1. Let me confirm something: among A:56, A:86, which residue is out of contact with any strand residue (DSSP E or B) (no Cβ under 6 Å at 6 or more places or on another chain), under 21 Å from residue B:389 (Cβ atoms) and either of a type in the set (Asp, Glu) or in contact (Cβ under 8 Å) with a residue 40 or more places away in the chain (or both)?
2. Just checking: which of the helices (runs of 4 or more DSSP H) contained wholly in the stretch A:13-127 hold 3 or more residues that are under 19 Å from the mean Cα position of the chain (by Cα), closer than 25 Å to residue A:193 by Cα and more than 10 Å from chain B (Cβ to nearest Cβ)?
3. Against the definition (surrounded by fewer than 23 Cβ atoms within 10 Å (Cβ to Cβ), more than 26 Å from residue A:27 (Cα to Cα) and within 16 Å of ligand 1 (Cβ to nearest atom)), how does residue A:95 come out, yes or no?
4. Check whether at least one residue in the stretch A:186-207 is at positive phi and free of Cβ contacts under 8 Å to residues at least 60 places away in the same chain, and report yes or no.
5. Take the stretch B:106-138 and flag every residue that is outside any loop (DSSP other than H, G, I, E, B) and either closer than 17 Å to residue B:156 by Cα or without any contact (Cβ under 8 Å) to a residue 24 or more places away in the chain (or both).
6. In the stretch B:197-297, which helices (runs of 4 or more DSSP H) lie fully inside it and hold 3 or more residues that are out of contact with any Phe, Trp or Tyr (no Cβ under 7 Å at 6 or more places or on another chain) and in the same structural domain as residue B:45 (by TED's automatic domain parsing)?
7. For the stretch A:170-203, give me each residue that is exposed (fewer than 13 other Cβ atoms within 10 Å of the Cβ) and either under 15 Å from residue A:92 (Cβ atoms) or within 16 Å of ligand 2 (Cβ to nearest atom) (or both).
8. Taking the stretch A:181-225, which residues are within 16 Å of ligand 1 (Cβ to nearest atom) and among the hydrophobic types (A, V, I, L, M, F, W, C)?
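The values are calculated or read from the model by the stated rules, or taken from the named source; none is laboratory data. Owing to the predicted nature of the structure, the values given are computational and were not obtained by experimental measurement. Cβ sites come from the backbone with ideal geometry, for glycine too, and all protein chains shown count toward neighbours.
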Amino acid sequence: MAESVIRLEDVWKIYHMDEVSVPALSGMNIDIKKGEFVAVVGPSGSGKSTTMNMIGCLDIPTKGKVFLEHHDISKLSESNLAQIRGKKIGFVFQTFNLIPTLTALDNVMLPMTFQNIPREERLKIAKNLLVKVGLGHRVGHLPSQLSGGEKQRVAIARALSNNPEVILADEPTGNLDSKTGEEIMKMLKGLNKDGKTIVMVTHDTDLTKYAKKVIHIKDGKNIND
Amino acid sequence: MIRDFIGYGISNLRRSGLRSWLTMIGIFIGMASVVALISLGQGLENSINEQFEAIGADKIIVQSKGIFGAPTTEVESLTEKDLKIIENTNGIVDATGYIIDTAKLEFNDIVRYFVLVGIDNEDELIKEIYSYDIEEGRNLKKGEKFKVVLGNDFFKSELFDKKLKLRDTILLNDIEFTIVGFYETVGNQIDDRNVYVSYEVAEDLYDKEGEYSFIFAKAASDTIPEEAAERVEKEIRDDRGLDEGNEDFTVQSAKDLFESFATILNILQIFLIGIAGISLVVGGIGIMNTMYTAVLERTKEIGVMKSIGAKNSDILMIFVIESGILGFVGGVIGVILGVGFSKMVEIIAANAGYSIIKISFPPFLIIGTLIFAFVVGSLSGLIPAYKASKLQPVDALRYE
Ligand SMILES: Nc1ncnc2c1ncn2[C@@H]1O[C@H](COP(=O)(O)OP(=O)(O)O)[C@@H](O)[C@H]1O
Ligand SMILES: [Mg+2]
């Protein structure tokens, strides 16, 4: 059995809105092993994004534990979380979320900037990554000058820049046409083949064919169990 | 890292274009006024100091009270007797007096009025105080009759629809005088339009035998000029039988005179810079407002940056640097405008005949202003930046 990278153990996330409490997660258990390609699927509102936030250390649970490489991160400060996120996890979002004022190259360099990597090195890595995702000719372009598929490829290059353990993708093809979406999925699949752990969240059951393992969630719970 | 944040800040400010410029107006108006006021004030102070040094710290000026130029029959004028008293006062080594009055000049059928100075050019003390050179012709001799020397403006400008030249004859108080010389410019138009005759001629012209409008005295090098001035005051007071505080004359050391100038100038400067300072505060509030808007607009971006590893301190720094740049660029423009404005004042003043205003831009003023502008900008951005840094990544990411 492969080593566990991220593990959610009876994780609860409860949002308090006025009088009512909305449980987004109610006892979520997930164990993600090194080298896996996991698809987390479920209907809208089932808690996929919230699960993703937990896995990505973007949020801390109301109750329960989140382990990243066996360290409990539920007690860490925001700054420590940021540091861990930056190093261990790469995000790919449905809406790309590139920084609009920065060029493709600068966008890819940004996560490394936050890790205080020297400029020369950042430049070299970022250029290589853009070549790798097939955008060697677009390094100086602003996001507004790129197509949706190109933006998502820049986002993937950015997610890879600190050479993280895990790539987290939240509906990565949600804003793309099916052909471009397929390209992106193939790219993720290729990364997995090269050894990256990938967790993808989607409501599109079609995409599960790219994954090695599928986790179905409903009402904030893993219903595979 | 700072370098990257600066680049990021600049590109964001460019993205907000017009809003950034409008925000900077607030800062650069304040900065421009501060720079202009300080440099003009400094320039004025420097030229006052120059004049002070030209006259010398050891000089004492005695004059009658009463408004200059007005017929002052009630006011006792200074006399030869006063001059003797002053000369004999302990600590005074030399004294001399001269007459100032209004001169009616007629030339080319045009009549104009100027200030006349009746002066003994051969007196050592006058030479020391009135150290200007003759540009054309020669100076007056002691007691020389029907000869006049004029200020530079008569030579350079067409005050009588044409320029005057040497050996021209003009009517001075209806008496014919010949021009024998012109002074070099002294740097202000008022004195460049003075009319000079010998003291004796002025005595006759104005029927002021043995009288003086001003008496200049020189303190000995081993006395303190202000103390000598007090002794002069006491001697004349005693002679005239007046009580202290009721003098009909004033005695001032050159230092007193210039210090009172400097004090007025300083008060004025502090007042004006205070007003300019208020506009800086307003500018700072403008920056704060703009940064609040920027934080709100870029909430999602902040979430994205946090998700890719930005710590709270990184976000704080990004926004503080951005508002610092706003302040700094505002400062640069402000310095340029301020320098330009005071240069303009200098040139306009010089064209109007007042070349005494020599503005100065000490480097500390320029550098200090720019640092100050950056600090004002950063401080104004601090609260919005802090707010940005405290955003929860999940909440920020969900923001649309
Ligand atoms: N910040 C929040 N405040 C209140 N309710 C939230 C918040 N985030 C998510 N929820 C609620 O939690 C539930 C799960 O949301 P989410 O994880 O986004 O679902 P999914 O991504 O599967 O559509 C939903 O009912 C949603 O309305
Ligand atoms: Mg979702």
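1. A:86
2. Fully inside the stretch A:13-127 and qualifying: A:48-55.
3. So residue A:95 fits the description; yes.
4. Looking only at the stretch A:186-207, we keep the residues that are at positive phi, and these are A:195.
Checking the rest, the ones that are also free of Cβ contacts under 8 Å to residues at least 60 places away in the same chain come to none.
No, there is no match, as no residue in the stretch A:186-207 is at positive phi and free of Cβ contacts under 8 Å to residues at least 60 places away in the same chain.
5. Result: B:107, B:111, B:112, B:113, B:114, B:127, B:134, B:135, B:136, B:137.
6. Numbers: elements: B:199-206, B:225-240, B:254-297.
Fully inside the stretch B:197-297 and qualifying: B:254-297.
7. Within the stretch A:170-203, A:186, A:190 meet the criteria.
8. A:199, A:200, A:201, A:207, A:214, A:215, A:217, A:223
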